[in-house]
1. Filter the range 277-297 down to the residues that are part of a strand (DSSP E or B) and at pLDDT 90 or above and list them by number.
2. Within the range 106-137, count every residue that is among the aliphatic types (A, V, I, L, M), in contact with a Gly (Cβ under 7 Å, 6 or more places away or on another chain) and free of Cβ contacts under 8 Å to residues at least 60 places away in the same chain.
3. With the range 86-198 as the region, which strands (runs of 3 or more DSSP E) entirely inside it contain at least 3 residues that are more than 24 Å from V234 (Cβ to Cβ)?
4. Which condition number does V76 fail, the rest of (1) over 23 Å from G212 (Cα atoms); (2) in contact (Cβ under 8 Å) with a residue 40 or more places away in the chain; (3) among the β-branched types (V, I, T) being met?
5. Can you name every residue in the range 219-261 that is farther than 30 Å from P172 by Cβ and either within 22 Å of the chain's Cα centre (by Cα) or at pLDDT 95 or above (or both)?
6. Check off (1) under 21 Å from G229 (Cα atoms); (2) at pLDDT below 80; (3) surrounded by fewer than 21 Cβ atoms within 10 Å (Cβ to Cβ); (4) among the polar types (S, T, N, Q) for S317 and give me the number that stays unchecked.
7. Could you check the range 102-122 and list, in sequence order, the residues that are crowded, with 18+ Cβ neighbours inside 10 Å and under 24 Å from the mean Cα position of the chain (by Cα)?
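The values are calculated or read from the model by the stated rules, or taken from the named source; none is laboratory data. All values derive from a computational prediction rather than experimental measurement. Using ideal geometry, Cβ is built from the backbone for each residue, glycine included, and neighbour counts are taken over all protein chains shown.
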Amino acid sequence: MFSLRQAALLVCALLAALGGPGWGEENKIAEFKQRGGSLISAAAISNDGKLVLTGEDNGFVTLWSVASGKAVQNYVGQTRGVAGAALLPDGKRGVTCGDDNLVIVWDLGTGKRLEEMHTGDSIPLAMSCTQDGALAAVGCEDGRIMIWRLADGGLVTTLRRGLPVCGLVYSPDSKVLAAGYSDGEVVLWKTSDWTEEHTLASVDGASVGALGFSTDSRVLATGDQNGAGFVWNVADGTQISHFAGYENPEVAPSPPVSPVFAGSTVTPDNRGAIVYVCLSPDGSSVFAAIQDSTPRFWDAKTGRLLGTAEWYVDPHSEDDRFYFPRYGYPIAAAAVTPRRDFIVTLRGNMDDNPDDHRALVWRMVFEPKAPEQQ
């Protein structure tokens, strides 16, 4: 899993398109100024793309306006690093979980704590909420997944498997909870009775932290710490295709010829990891954020590399533009709106420029730049 704790110190929200020839100052819509002294460890974006909720490794939680770039509200309650964040569809509540073993439901307007749940003696590593805002699933390092009612903080059930939970995501219809584990397996939990519906086969034992359902809940994309990506049929648990976080897409085989991918040999700190996956609205392509490289798109059915996403605009560059070069803009985590129209990304730690961290908001356009045009 790639912890959200690797992400940004400086928060800014910028709007840019994916896949075109370039954009300038007119596409920058906001810049969130840092409060200093901490890293942004979690972020969520509202369904309409207008608000971003961030959590920091010192427990600070902040709600930001994308339009103005200003902090709307601060929330006090998490005493240690924030591991997960969510904005609920009612627009009135947010949820965070952290290293203090607390899960907190916030009143976004007043900053008050509405509910506070405890995960016992195990630290939360991942969180996902149903799209109706009724339930939150929190995965812990001891392998427990705790299902909470957000209305009253009641514990619904606890799922156990015995291995650290590295990623969680509910299907849009809330019928399936997908959980990625440290041994490389993904379990599809049936929410009607909380039983294991399918276990998706492990490939190389690398932890799976990137999980994303199609909008119709029929397909699941997964990505692991070694750069291996897969597309699965949710109904029967069969593999549809596989893709790779290759270091050099110009020379990568297309489609990949082996399920053991080049991403597994990038660097000792796993900069080839797939940290976020998202299926296009029509389910035809997969977008993946790769920690060491340019974000890319693959054909969901064949695994063929379609191209890269060129993301521009940087308020700190002289010409107000910045291109995501390979190995130059590692991404630590991301979150997308249900309609797939906006995405927030957290920039990972760069050894050569440790102060250059941020969270960015982009307009999501599934129009990759083809490899042959690079």
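1. Of everything in the range 277-297, those that are part of a strand (DSSP E or B) and at pLDDT 90 or above turn out to be V277, C278, L279, S285, V286.
2. Of the residues in that region, 3 qualify.
3. It comes to 93-98, 102-107, 113-118.
4. (2)
5. Scanning the range 219-261 gives a single hit, E247.
6. It fails just one condition, (1).
7. Matches in the range 102-122: L102, V103, I104, V105, W106, L108, M117, T119.
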